[in-house]
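Here's the structure, in structure tokens; my notes come after.
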Amino acid sequence: MSFFKKTKNFDKLPEHIAIIMDGNGRWAKKRSLPRTAGHIAGSKTFKEIARYANKIGLHYLTVYAFSTENWKRPKDEVESIMNILRDYLRDTKNFKDENIKLRFIGDTDVLAEDIKQMIAEAEDDSKNATGLQLFIALNYGGRDEIVNAVKKIVDSGISSSDITEDTINDNLYTKGIPNPDLIIRPSGEYRLSNYLIWQSAYAEYWFSDILWPDFKPKDLDLAIEDFNKRNRRYGGI
Ligand code: IPE
Ligand code: IPE
Ligand code: MG
């Protein structure tokens, strides 16, 4: 019996949870701190939640760290988010020791060379981990992902009559990853903000007013408990 089953009263753990890590700026504002302080606090929460997800035996966790639209933010905020990412990547050895497999989804080609290098190393270092599969969505946009998939499909020369949903699935960043079962968005916003828009067609959603830096393992428990009450019909009865 797993740790999870012994300690929690959930019938089922979703296979894949996706989180929109939102509310860092408002968390900082409430404390009269610069927005960067909110992003630093948010990155601590991210590490804690990833470890907890691994501990309870979750298979897949995908977190939204930076969207294709977040480049609209002031240059210094973008730079500080990238620096927090650098700090995190320097620290990924800990994740490897915890048996977490780390991967990135999104258009990482346009990122700074040193970040690309660190991403490649972190992915390679953890590639044999057998615990949680942790995906970080970075410069990720669902529409951008679909446009890229369409380009790849057209370039492959496939005949339109041979195109199926699997053709699309196989050309997304999330190729081979099961669709998210549960999407969590804290911070009181009720939108997807271009996150996993193809993949979430039948996801369950859990919203909360908690700002991401205040999000705790117990909140993940609440979301999973709620998920357990849902009746997923997929259009059936
Ligand atoms: C999420 O927090 C982090 C990123 C989008 C990078 P925000 O920075 O969006 O925080 P709020 O929404 O302004 O509070
Ligand atoms: C979504 O949050 C992106 C991330 C959490 C990385 P945003 O704060 O960018 O979303 P909007 O602008 O409120 O829709
Ligand atoms: Mg936000």
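The values are calculated or read from the model by the stated rules, or taken from the named source; none is laboratory data. Only a predicted model underlies this, so the values are computations on that prediction, with no experimental measurement involved. Here Cβ is always computed from backbone atoms with ideal geometry, including for glycine, and neighbour counts include all displayed protein chains. Protein only, heavy atoms only, side chains kept; ligands, DNA and RNA dropped before computing areas. Shrake-Rupley method; radii C 1.70, N 1.55, O 1.52, S 1.80 Å.
Distance between the C-alpha centers of region 149-182 and region 55-128? Whole Å please.
Answer, in whole Å: 24.
With the full set of protein chains in place, find how many percent of the accessible area of the chain is carbon and sulfur; take the probe as 1.4 Å.
On the way: 6180 of 12490 Å².
Of the solvent-accessible surface of the chain, carbon and sulfur hold 49 percent.
Using a basic spin-label model with each label point 7 Å from the Cα along Cα→Cβ, how many nm lie between residue 82 and residue 12?
A separation of 4.3 nm, rounded to one decimal place.
Sort 75-88, 196-209 by packing, meaning the average of other beta carbons within 10 Å per residue, with the highest value first.
Numbers: 75-88: 15.1, 196-209: 17.0.
In descending order of packing, they fall as 196-209, 75-88.
How would you classify the chain from its alpha-carbon gyration tensor, with a ≥ b ≥ c the square roots of the eigenvalues: rounded for a/c under 1.5, else prolate if a/b is greater than b/c, otherwise oblate?
Cα axes put the chain in the rounded bin.
Which value, in debye to the nearest 20, gives the size of the charge dipole of the chain about its Cα centre, when Lys and Arg are +1 and Asp and Glu are -1 at the Cβ?
900 debye
With +1 assigned to the C-beta of every Lys and Arg and -1 to the C-beta of every Asp and Glu, and no other charges, what is the dipole magnitude of region 1-112 about the Cα centre in debye, to the nearest 20? Please report the intermediate quantities before stating the final value.
Working: 22 positive and 14 negative charges, 101 e Å.
Its charge dipole is roughly 480 debye.
Rolling a 1.4 Å sphere over the protein heavy atoms, what is the accessible area per residue of the chain, to the nearest Å²?
On the way: 12490 Å² over 237 residues.
Here the per-residue accessible area is 53 Å².
Would region 27-118 count as rounded, prolate or oblate if I go by the C-alpha gyration tensor, calling it rounded below 1.5 in a/c and otherwise prolate when a/b exceeds b/c, oblate otherwise?
Judged from the Cα gyration tensor, region 27-118 comes out oblate (a/c at least 1.5, b/c at or above a/b).
Taking the Cβ of residue 205 as the centre, find all other residues whose Cβ is under 14 Å away and add up their charges (Lys, Arg: +1; Asp, Glu: -1).
0
Residue 105's amide H: which non-local residues (gap 5+, or another chain) put their own amide H closer than 5 Å, with H modeled 1.01 Å from N in plane and none for Pro or chain starts?
Distant-sequence amide H within range of residue 105: 136, 137, 138.
Skipping prolines and chain starts, which residues have an amide H placed within reach, meaning under 5 Å, of the one on residue 126, given they are 5 or more residues away or on another chain?
102
So what J values fall out for region 38-46 if you push phi through Karplus, 6.51 cos²θ - 1.76 cosθ + 1.60 with θ = phi - 60°, rounded to Hz, Gly and Pro as x?
So the Karplus estimates, Gly and Pro as x, are x, 5, 5, 4, x, 6, 5, 4, 4 Hz.
Applying 1/(1 + (r/R0)^6) with R0 = 30 Å to the Cβ-Cβ distance of residue 114 and residue 147, what FRET efficiency is obtained, to the nearest 0.05?
Working: r = 27 Å, r/R0 = 0.91.
About 0.65, to the nearest 0.05.
Looking only at region 207-226, which residues have a backbone nitrogen under 13 Å from a spot 7 Å from the Cα of residue 31 in the C-beta direction?
Correct set: 211-215.
Which of rounded, prolate or oblate describes region 51-177 when judged by the alpha-carbon gyration tensor and an a/c cut-off of 1.5?
Oblate shape, in that a/c is at least 1.5 and b/c is the bigger or equal ratio.
In terms of modelled amide H atoms, which long-range or inter-chain residues lie less than 5 Å from the amide H of residue 62?
Distant-sequence amide H within range of residue 62: 17, 18, 19, 135.
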